[in-house]
1. What does the C-alpha gyration tensor say about the overall shape of the stretch 24-137? Classify as rounded when a/c is under 1.5, otherwise prolate if a/b is larger than b/c, or oblate.
2. Expressed as a rounded percentage, what relative contact order does the stretch 24-137 have, with Cα pairs under 8 Å and six or more residues apart?
3. For Arg149, Arg123, Arg38, Arg102, which order do you get if you count the other beta carbons within 10 Å of each Cβ and list the fewest first?
4. Just need the relative contact order of the stretch 64-131 here, percent rounded to a whole number, with Cα pairs under 8 Å and 6+ apart.
5. Can you sort Ser55, Ser153 by how many other beta carbons sit within 10 Å, fewest first?
6. For the cross-link pairs Lys68/Lys95; Lys80/Lys147; Lys68/Lys147; Lys41/Lys95, which exceed 25 Å when the distance is taken from alpha carbon to alpha carbon?
Amino acid sequence: MSGDPVARLSAIHDDDITWLPRRGDAPEFPDVPEHIERAAKEAHSCFSINAFMASILMARTVVEATAKEKGITSGRLIQKIDAMAASSVIRESTKDAAHEIRHLGNDMAHGDIADVPESDDVRDVLVLMDEVLAEVFQGPARTERLKNRRSASSA
């Protein structure tokens, strides 16, 4: 290969390069309030660049912000999650998911950071966070849109 730096760079395939800082990847969250969507996307972006503790903390933040968005503002997060289930904002299985996010997030939030979270655990936390958002915001919005289209077509 020649000594020309441009020629050397042209011969390198993008797959052979690790770009830093990495670009964070995150899904879209339609029908989720903008401030909560921003936090959820940040949780995913953190995961995509291996910032696992930050990802878990943001997922925990999303759960708490979701409760607050639904008018559940008093108490610790454990009580807020239970209140969401008691008021049928979330199902029992989603309550369990939210508590798992809370458990892992509490470790980070309270400085218990000696053990680095495993990638699989963080991935699961994000899947559970996404399920909370789908149940609380996205599913009801999709249902409402479908009902409106059905009503409009029968009118």
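1. oblate
2. Result for the stretch 24-137 is 30 percent.
3. Arg149, Arg123, Arg38, Arg102
4. Computed value for the stretch 64-131: 26 percent relative contact order.
5. Going from sparsest to densest Cβ surroundings: Ser153, Ser55.
6. Lys80/Lys147; Lys68/Lys147, as the Cα separations exceed 25 Å there.
Bear in mind these aren't lab numbers, they're just calculated from the coordinates by the rules spelled out. Since the model is a prediction, treat every value here as computed from it, not as a measurement. For neighbour counting, all protein chains shown are included, and Cβ atoms are generated from backbone atoms with ideal geometry for every residue, glycine included.
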